[in-house]
Amino acid sequence: ISKDDVFLKEIPKVGFSDIGGLEDVKEEIRKAIIYPFTHKELYQMYGQKAGEGILLYGPPGCGKTMMAKAAAKECGADFISVKTSSIVSKWVGASEKNVKQVFDIARGEERSIIFFDEIDSIAARRSESEDYAKRVVNELLAQMDGVDTASDNLLVLAATNEPWAIDPALRRPGRFSKLVFVPEPDLEAREAILKIHLKKRPLDDNVDIRHLAELTDSYSGADLAAICKEAADIPLGEALRGGEARNIGLQDFKMVLEKRKPSIVSWYI
Ligand code: ATP
């Protein structure tokens, strides 16, 4: 089994400016992650311990992964993302060893951020989870406890849609002690997200992005990205069939919105 299926090391390209809205979250991340890297001496001088793990939580598709990646980019760190759900399915037998390996790779880099996506898939309360999942969680805890952020230049982030399902041991000091909520986008944020995803597409004069933002209450960032893509597909398809290459119009967005319903309505219930 290729390691690439389970973890991926990359130099991230998305930064904070590619993320619409979430200004409060960006500021929290700056304080918790970026300043400790960029102003290390100041943190040391005031005896502030930096580098506790951060757990990002919130409804699906609202930018948790993007935020983790952008955090790495903003502080010039390598981004090592671990598909947590694959750890158990693909690494059975060697899971703990591989968790250690991910941390070893990260320690070998000048700066890095390890990101565990869908951490709930292994970090369910240990009493309720199976043996191998318990061993993986224990290894993760041991590795996190062993991180000396001052010398390791390593931070750990994780994301979940189900913060209540996380083993409380993971929330202790020095581990994922900081919880950051990544909310669904409000009107302003939806406008910002739509602007980002429409920046490079030709728009008709009848498209008012603010109005589109008003029409998309309860749509996630991922929904909005998909809407932009699908709306662009309509004139693209026409042009491919020999029509003129017209701009994307309001009618295209309306057509897409009729079919695509908001995906996060049920998360809060
Ligand atoms: P999940 O919980 O399903 O893993 P997530 O919260 O990690 O979701 P992302 O993977 O970060 O969500 O977002 C999915 C896609 O949606 C992004 O690649 C991006 O195209 C778009 N998107 C989501 N939120 C934003 C945002 N705030 N600004 C711009 N694009 C966004």
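Each reported figure results from applying straightforward, stated rules to the coordinates on display, with no laboratory input. Since we're looking at a predicted model, the values are computed, not measured. For neighbour counting, all protein chains shown are included, and Cβ atoms are generated from backbone atoms with ideal geometry for every residue, glycine included.
With each label modelled as a point 7 angstrom along the Cα→C-beta vector, the Asn206-Asp148 pair spans 6.6 nm. Cβ crowding within 10 Å, taken as a proxy for footprinting-reagent exposure, orders Ser263, Ser95 from fewest neighbours to most as Ser263, Ser95.
Model label sites at Glu23 and Leu179, defined 7 Å from Cα along the beta-carbon direction, differ in position by 2.6 nm.
Which FRET efficiency value, to the nearest 0.05, is calculated for Glu244 and Ser86 with the Förster distance at 51 angstrom and r the Cβ-Cβ distance?
On the way: r = 46 Å, r/R0 = 0.90.
Efficiency, from the Cβ-Cβ distance: 0.65.
Among the trypsin sites (Lys or Arg not before Pro) in the range 189-224, those placed in a DSSP loop whose Cβ has at most 12 other Cβ atoms within 10 Å are Lys199, Lys200.
Please work out the ratio of the alpha-carbon Rg of the range 23-65 to 2.2 N^0.38 Å and round it to two decimals.
On the way: Rg = 12.5 Å, N = 43, 2.2 N^0.38 = 9.2 Å.
My calculation over the Cα atoms of the range 23-65 gives 1.36.
Compared with the dominant principal axis of the Cα atoms in the chain, helix 131-146 is inclined by about 80°.
Taking other C-beta atoms within 10 angstrom as a stand-in for reagent exposure, His39, His197 fall in the order His39, His197, fewest first. Once you've got the GNM for the chain with C-alpha springs shorter than 10 Å, pick whichever of Gly58, Gly21, Gly237 has the biggest mean-square fluctuation. Maximum among the listed residues: Gly237.
Each residue of the range 60-70 was assigned a 3J(HN,Hα) from its phi angle through the Karplus curve 6.51 cos²θ - 1.76 cosθ + 1.60 (θ = phi - 60°); the sequence is x, x, 10, x, 5, 5, 4, 5, 5, 5, 5 Hz, with glycine and proline shown as x. Dimensions of the range 137-269 along the principal axes, based on C-alpha atoms and rounded to the nearest Å, stand at 62, 35, 25, largest first. For the range 240-257, 3J(HN,Hα) computed residue by residue from phi via the Karplus equation (6.51, -1.76, 1.60; θ = phi - 60°) reads 5, 8, x, x, 6, 7, 8, 6, 6, x, 4, 4, 5, 4, 5, 4, 5, 5 Hz, glycine and proline entered as x. Please say if the range 11-105 is rounded, prolate or oblate, where rounded means a/c under 1.5 for a ≥ b ≥ c the square roots of the C-alpha gyration tensor eigenvalues, and otherwise the choice is prolate for a/b larger than b/c and oblate otherwise? Since a/c reaches 1.5 but b/c is at least a/b, the shape of the range 11-105 is classed as oblate. For the chain, modelled as a GNM whose springs connect Cα atoms under 10 angstrom apart, the maximal fluctuation among Leu42, Leu141, Leu179 occurs at Leu42.
Here the gap between Lys261 and Glu130, fully extended at 0.36 nm per residue and compared with their Cα-Cα distance, gives a gain of 43.5 nm. Residues whose amide H lies under 5 Å from that of Leu203, counting only those 5 or more places away or on a different chain, are Ile248; hydrogens are built 1.01 Å from N in the peptide plane. Taking every alpha-carbon pair in the range 212-269 and binning the separations at 10 Å intervals from zero gives 23, 47, 22, 7, 1 percent.
Translational diffusion coefficient, Stokes-Einstein: compute it for the chain using the Kirkwood radius over C-alpha pairs as Rh, at 25 °C and 0.890 mPa s, and state it as an integer in µm² s⁻¹. Numbers along the way, then the final one.
On the way: Rh = 20.1 Å.
The estimated diffusion coefficient comes to 122 µm²/s.
Per-residue ellipticity at 222 nm, computed for the chain from helices alone with -39500 (n - 2.57) per DSSP H run of at least four residues, works out to -12500 deg cm²/dmol.
Could you compute the longest span of the chain free of GluC sites (Glu not before Pro) located in DSSP loops and having at most 14 other Cβ atoms within 10 Å, not counting the site residues? Each step should come with its number before you reach the end.
On the way: sites that count: Glu110, Glu130, Glu244.
After excluding every exposed loop site, the longest remaining stretch is 131-243.
Computed from label points 7 Å out along Cα-Cβ, the spacing between Glu230 and Asn161 is 1.7 nm. Along its principal axes, the range 168-218 has C-alpha extents of 54, 22, 12 angstrom, given from the largest down. In whole Hz, what ³J(HN,Hα) sequence does the range 35-41 give by Karplus (6.51, -1.76, 1.60; θ = phi - 60°), x for Gly and Pro? For the range 35-41, the Karplus-derived couplings read 4, x, 6, 7, 10, 3, 4 Hz, x marking Gly and Pro.
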